[in-house]
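Contents: one structure, followed by commentary.
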Amino acid sequence: MTLVVTGATACSNDSSKDGNPDVLSASQVCDGTLDPAAVTALESLGGTDRFTELQGTKASGTPYKFSLELAEETLHDKPTEKNVCLIYKADGENDFPLLDISFQAHKSHPDLAEEEKASDSGEMFFPLGLFASAQGDNGTSLYFACPTEGSDGKTPYVRAEMFSARGQVNPDGKGRMSVLNSVSRALAEELGCAAQAKLPAEVPDALAAG
């Protein structure tokens, strides 16, 4: 999904008057959903405090730029039609996003006990929502309870996922989870399921390896 979406970035970004994409602070990306801890984590992950975000519009006229309202509207859509948050380093030369954050309505969630048994030593699990893990140095996922209804019917859960191009993000699993949890908490509020989601303001330490 990342490659499909980001392939349009070269000709789709809105630009400032000097022809360059608008520079954003960490607190401005993803519709301003990053709390102070997530802001610090993002700056540490990227090694910068200057970012840009995918802008412009799709052929349908829908904005590429992330917003909680559009994320809610596209929660049940196909991956290529979803509203995602794509964060780039403002001063980077890489065409791939620093972070790619998306949300999907889901009918099931992984079982923590089973996943722990099957995981390799590089995966970290966190006591967040229904299931939360950071894999290696580029994948992070979080499932939380949130009943919604869309074109595919009623679903009881939401899956939040975050990816990064390898080599762009330092391998800080808790930092990555802080960013994903913060955006997820804001979306849970938008969806009206914050109490069910059980996403605390502060990300706890990873569970000890079993």
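The values are calculated or read from the model by the stated rules, or taken from the named source; none is laboratory data. Everything numeric here is computed off the predicted structure, so don't read it as measured data. We place every Cβ from the backbone using ideal geometry, glycine too, and count neighbours over all the protein chains shown. The area values use the complete protein model at the heavy-atom level, side chains included, leaving out ligands, DNA and RNA. Shrake-Rupley method; radii C 1.70, N 1.55, O 1.52, S 1.80 Å.
What the table below lists for this structure:
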read-out	value
Accessible-area composition of the chain, carbon plus sulfur, in percent [1.4 Å probe]	48 percent
Loop GluC sites (Glu not before Pro), region 131-210 (other Cβ atoms within 10 Å of the site Cβ: 16 or fewer; DSSP)	202
Student exercise, the chain dipole from Lys, Arg, Asp, Glu Cβ charges, in Debye to nearest 20	200 debye
Segment residue 107-residue 91, extension gain: residue separation times 0.36 nm, minus the distance between their alpha carbons	1.8 nm
Backbone HN-Hα couplings from phi across region 168-184 [Karplus 6.51/-1.76/1.60, Hz, Gly and Pro as x]	8, 10, 5, x, 10, x, 5, x, 5, 5, 4, 5, 5, 5, 5, 5, 5
P(r) weight above 23 Å for the chain, C-alpha pairs, percent	43 percent
Sparse-neighbour loop sites [GluC sites (Glu not before Pro); region 70-127; at most 14 other C-beta within 10 Å; DSSP]	93
Gain upon complete extension [residue 174, residue 78; 0.36 nm per residue less C-alpha separation]	31.7 nm
Residue-wise HN-Hα coupling along region 48-59, computed from phi with Karplus coefficients 6.51, -1.76, 1.60 (Hz; x: Gly, Pro)	7, 10, 10, 9, 10, 9, 4, 10, x, 9, 6, 4
List 166, 159, 176, ordered by accessible area with a 1.4 Å probe, largest first	166, 159, 176
Amide N of region 27-47 lying under 17 Å from the label point, which is placed 7 angstrom from the Cα of residue 201 along Cα→Cβ	33-41
Long-range HN-HN contacts of residue 140 with modeled amide H, under 5 Å	135, 162
Dipole axis of region 36-144 (+1 Lys, Arg; -1 Asp, Glu on Cβ), positive-most option in 57, 79, 125	57
Folded to 0 to 90 degrees: helix 36-46 orientation relative to the chain principal axis, Cα	70 degrees
Residue among 153, 129, 46 with the largest mean-square fluctuation in a Gaussian network model of the chain, springs linking Cα atoms under 10 Å	153
Difference of contour (0.36 nm per residue) and Cα-Cα distance, residue 58 to residue 115	16.8 nm
Restraint check, 65/154; 58/154; 78/198; 107/198; 107/154, Cα-Cα greater than 20 Å	65/154; 58/154; 78/198
